[in-house]
Amino acid sequence: MTGSRLALAAAAALLTVGCAVAIRWLTPETPTPADAALLLDEASTESLYKRMRQLGVPEIPPPQHLRPCCDFGYKLKLRYAFLPILGYTITNLKTVDEIGPHDYDSGVVNLGSQGELVSEENNGLVYTCSGGFIDTAHVRDYADWTTYLGSRLFEQLASGATIQLSNEAGKRRVVLQRIDPEFLRTHDPLALTAALAQWLAVQLGLWHEIATWYGWEYFPGFSEKASAFSPEDLYSNALGSKIAVATAFAGGVRSEVIYERSADAWFRAVLAALRPISKETAIEAMQNLDGVWWQSSVRLPDPSVLLRRAISSGDTFTPWVVPRSLASDDLREALLRECGNWPSPLPLTTNSSFDGTPLRTLARLEIEVDPELAKQPPFDSMHRAVTQDDYPAIVAVVREQNLREFGPGADRPE
């Protein structure tokens, strides 16, 4: 969810969101008669271990919100239709200490001290030496999606399932194939579930970027194309999915409260490992990119606020760090001082296979695209229902359109 759309949202809508009540979830605290029967029935300790773990999976509600953050830039200005909104800017840049605690499926927004709309998580863009700009809202969105999908997939591995998701430029659903019993017997179901959930969450994140590039709007009337394939988005999504897997493996998904605390702890540990810089240097870094990656002279929601976009459909995501050629002498000195050397990007890889088995053969994301989207290329030459297998062809068209609209080099940092 972009800051511009929130800023332009009607007061009634804000009141509705503000009154949202969080749904709580937790694992069963006491064994049921079925649990006792299972214990008496199983002779194998290993088999009992695998079956009993399934009983401890909480029923987690699906995420319903996109967190209110973050257009790329600093002190971004807004307009409504053709009228500029005076005296209002979006800053976005934050330090780790300014970011609030993780809140599963956060969507509650409040007015900040300068009239800006913020959530209790107080998300923003954090600049790091190794990960470039990190969108903390995207990190948390896709940590939550990974956790939710894992909770739904775990108990359905042996039977298969179709999981209906909320609409986003089309009807979305996850289709899990029935996993061969012999495969489940010889592999850890928790590890398999985590691999599937992470992979599917990354596919959902990529679809979100595609949908917003083609004009999908979370809040009708306010375009999000200005944030489609923003330099930090896909990397932040992958980071969030990895945090969710680590949280699950560490036993942090037993209840909502435990999950929020554990995910937040992992999130802060990972940010520390990526080495966040001071807010003053982050602001200077963003200002050095003005006119190259983004432009301050244009008002949101004009898509040309964002001039360069990180467009990818693979398994490895390389963060964009400020190129040395674009850095001023002062910025170079500050980054060398705070990072210890010139920042080099740390790629993240999300696996597309599990022990040699392609995950796409076990599950898929299907989108039955909306009629208006189905008329646009390349969807007009595809089946109405697309899957992650169609992403390379779609992304190739997006990249071509991006270069045509924003010029040569619009898909790379330098």
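Throughout, read-outs are computed from the coordinates displayed, never taken from laboratory work. Please read these numbers as outputs of a predicted model, since none were measured by experiment. Heads up, the Cβs are rebuilt from the backbone with ideal geometry, glycines too, and the neighbour counts pull from every protein chain shown.
Assuming 0.36 nm per residue, please report the length gained on full extension of the stretch Ala273 to Ala374 beyond their Cα-Cα distance.
Numbers: separation 101, 0.36 × 101 = 36.36 nm, distance 4.27 nm.
Additional length available on full extension: 32.1 nm.
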ask   = In a GNM of the chain with a 10 Å cut-off on Cα contacts, which of Asp315, Asp97, Asp390 has the highest mean-square fluctuation?
value = Asp97
key: Residue-count net charge about Asn402 - beta-carbon cut-off 13 Å; Lys, Arg +1, Asp, Glu -1   = +2
query = So what are the ³J(HN,Hα) numbers for the range 386-402, from phi and the Karplus equation (6.51, -1.76, 1.60; θ = phi - 60°), rounded to whole Hz, Gly and Pro as x?
reply = 9, 10, 4, 5, 8, 4, x, 5, 5, 5, 4, 5, 4, 4, 5, 5, 4
inquiry  = How would Val397, Val174 line up from fewest to most surrounding beta-carbon atoms within 10 angstrom?
reply    = Val397, Val174
ask   = Once the Cβ-Cβ distance between Gln287 and Arg261 is put in as r, and R0 is 35 Å, what FRET efficiency do you end up with, to the nearest 0.05?
value = 0.45
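Considering only Cα-Cα distances, which of the following residue pairs are longer than 25 Å: Lys242/Lys375; Lys94/Lys171; Lys75/Lys375; Lys171/Lys375?
Numbers: Lys242/Lys375 36 Å; Lys94/Lys171 35 Å; Lys75/Lys375 36 Å; Lys171/Lys375 16 Å.
Over 25 Å Cα-Cα: Lys242/Lys375; Lys94/Lys171; Lys75/Lys375.
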inquiry  = As a footprinting exposure proxy, order Arg140, Arg185, Arg360 by other Cβ within 10 Å, with the fewest listed first.
reply    = Arg185, Arg360, Arg140
ask   = Sorted from largest down, what three extents in whole angstroms do the Cα atoms of the range 300-414 have along their principal axes?
value = 53, 42, 22
ask   = Using 0.36 nm per residue, how much length does the chain from Gln177 to Arg404 gain when fully extended, once their Cα-Cα distance is taken away?
value = 77.7 nm
task = With 5 Å bins from zero, work out the P(r) of the range 145-233 over every alpha carbon pair and list the percent per bin.
result = 3, 13, 21, 19, 15, 11, 9, 6, 3, 1, 0
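Order of Thr186, Thr350, Thr128, Thr95 from fewest to most other C-beta atoms within 10 Å? Let's see the in-between values first.
Working: Thr186 9, Thr350 21, Thr128 24, Thr95 15.
If I rank by nearby Cβ atoms, fewest first, I get Thr186, Thr95, Thr350, Thr128.
So, counting K/R as plus one and D/E as minus one, what does the shell of residues with Cβ under 12 Å around Asp97 add up to? Kindly include the intermediate steps, with their values, before the conclusion.
Working: positive: Lys94, Arg268, Lys279; negative: Glu98.
Cβ neighbours under 12 Å give a net charge of +2.
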request  = May I have the extent of the alpha carbons of the chain along their three principal axes, as whole Å values ordered from largest to smallest?
outcome  = 70, 49, 46
ask   = Rounded to the nearest whole Å³, what is the per residue volume of the convex hull around the Cα atoms of the range 310-361?
value = 91
inquiry  = Please list, ordered by chain and number, the residues whose modelled amide H lies under 5 Å from the amide H of Ile134; skip anything fewer than 5 residues away on the same chain.
reply    = Val126, Tyr127, Thr128
Alpha-carbon centroids, the range 186-235 and the range 240-302: separation in whole Å = 16
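Mind giving me the FRET efficiency for Glu414 and Asp302? R0 is 30 Å, r the Cβ-Cβ distance, nearest 0.05 is fine.
Values: r = 24 Å, r/R0 = 0.80.
Computed FRET efficiency for Glu414 and Asp302: 0.80.
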inquiry  = Explain nothing, just compute: Karplus ³J(HN,Hα) = 6.51 cos²θ - 1.76 cosθ + 1.60, θ = phi - 60°, for every residue of the range 211-223 in order, whole Hz, x for Gly and Pro.
reply    = 4, 6, 4, 8, x, 5, 10, 5, 10, x, x, 10, 5
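I need to check one value: relative contact order of the range 234-378, counting alpha carbon pairs closer than 8 Å and at least 6 residues apart, in percent. Before the final figure, lay out each step's value.
Numbers: 101 pairs, mean separation 31.7, N = 145.
For the range 234-378, the relative contact order is 22 percent.
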